[in-house]
Each structure stands twice: as structure tokens, then as C-alpha cells.
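Here is the structure we will look at, set down as C-alpha cells.
The values are calculated or read from the model by the stated rules, or taken from the named source; none is laboratory data. Bear in mind the structure is a predicted one, so any value in this text is a computation, not a measurement. Heads up, the Cβs are rebuilt from the backbone with ideal geometry, glycines too, and the neighbour counts pull from every protein chain shown. The area values use the complete protein model at the heavy-atom level, side chains included, leaving out ligands, DNA and RNA. Shrake-Rupley method; radii C 1.70, N 1.55, O 1.52, S 1.80 Å.
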Amino acid sequence: TWKKQGIISDDFDKTCEEFLNTTHCETCFIRLTFGEGRNSRSKCLDHDHSISNSHNIRNVLCRACNVNDNSKNTSGNTNIYWLKSNKRWIYKRTWHGIKYFRSFNFFVQACIYKKQIEDKYIENNKQIMIKELLEERNKME
């Protein structure tokens, strides 16, 4: 259950309703699955593990984004790491089975690459989501 996972909500009924009504990941906009087993598109309730005494829910995400957002790194920027052995900055992320990995001499280069890759991925998924929603609307008419 959510409470056992450390999730704290001011209104669990409202949280449950929002969770059930969310159809797309709030980070990458991919269509979510629920009740079909665990996979990269499985619906997850993201929460801040450092908050243990008040509402700590952030978003409804796909499992892939939820796992990536919880990654520990040394940069303060999700999915960017300092690789001490090579003295290089690393961007590393897997989205729905597609691996993105690249190393850089400078932190700012890694940040620029991250923005380009993630913007491209998110824009593509937004277009897919819009197409799916239009198809659903046309079926209802």
C-alpha cells in the first residue's frame, strides 16, 4: 500500500482519484498502463522520500521516469554524474528500453545534451498523446 511505501497525503481519496484518472506520465507524456504487471509504462505515484511528516506526493509517472528521478547523482541534476575514474561528466538515462549515454569534459555540455535529448523525447510523446486523445474523442462522437 502507499502508506507502507512512505507516501503521505492530505487527502488519500483525492490522491486515489487523481492517480486513477491520470492516463499519461506527467514527465514524458507516454500512455500509462495499470494492472498489467510491472513494466516501464506502469503507473507510479512519485513522492519525496526526504519528507516524512507531511504531504510528499509529487506526480503520477511511468515506472521508467520514476526510477530515473530517484537516481542518486553527484551533480544535483538528475541523470548527470561525475565519473571519477575517467574524470568526465556522464549523461545516462533509459526511457522505455532506449538507452541514452554520453560523456563530456564539462558539466554544462552534459546539461545541454540532457535538455536536447529530453525535450526531443517529451515533444515526441506529447504528439503521440495528442493523437491518441483525438482518436478517443472521434470514437465518442
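Screening the stretch 1-30 for residues that are among the polar types (S, T, N, Q) and part of a helix (DSSP H, G or I) and picking the one that is modelled with the lowest pLDDT gives 5. Counting only strands (runs of 3 or more DSSP E) that sit completely within the stretch 76-141, those holding 2 or more residues that are open to solvent by less than 40 Å² (accessible area, probe 1.4 Å) and within 23 Å of residue 38 (Cα to Cα) correspond to 88-95. Within the stretch 1-57, the set of residues being in contact with a helix residue (DSSP H, G or I) (Cβ under 7 Å, 6 or more places away or on another chain) and acidic (Asp, Glu) comprises 46 only. Is it the case that residue 23 is open to solvent by 60 Å² or more (accessible area, probe 1.4 Å) and either under 30 Å from residue 136 (Cα atoms) or of a type in the set (S, T, N, Q) (or both)? It is true that residue 23 is open to solvent by 60 Å² or more (accessible area, probe 1.4 Å) and either under 30 Å from residue 136 (Cα atoms) or of a type in the set (S, T, N, Q) (or both).
Condition check ((1) in contact with a His (Cβ under 8 Å, 6 or more places away or on another chain); (2) farther than 13 Å from residue 66 by Cβ; (3) charged (D, E, K, R); (4) surrounded by 18 or more Cβ atoms within 10 Å (Cβ to Cβ)) across all residues:
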{"site": "1", "(1), (2), (3), (4)": "no, yes, no, no"}
{"site": "6", "(1), (2), (3), (4)": "yes, yes, no, no"}
{"site": "9", "(1), (2), (3), (4)": "yes, yes, no, yes"}
{"site": "27", "(1), (2), (3), (4)": "no, no, no, yes"}
{"site": "38", "(1), (2), (3), (4)": "no, no, yes, no"}
{"site": "50", "(1), (2), (3), (4)": "no, yes, no, no"}
{"site": "54", "(1), (2), (3), (4)": "no, yes, no, no"}
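For residue 60, only one of the following conditions fails: (1) within 29 Å of residue 115 (Cβ to Cβ); (2) hydrophobic (A, V, I, L, M, F, W, C); (3) open to solvent by 90 Å² or more (accessible area, probe 1.4 Å). What is its number? It fails just one condition, (3).
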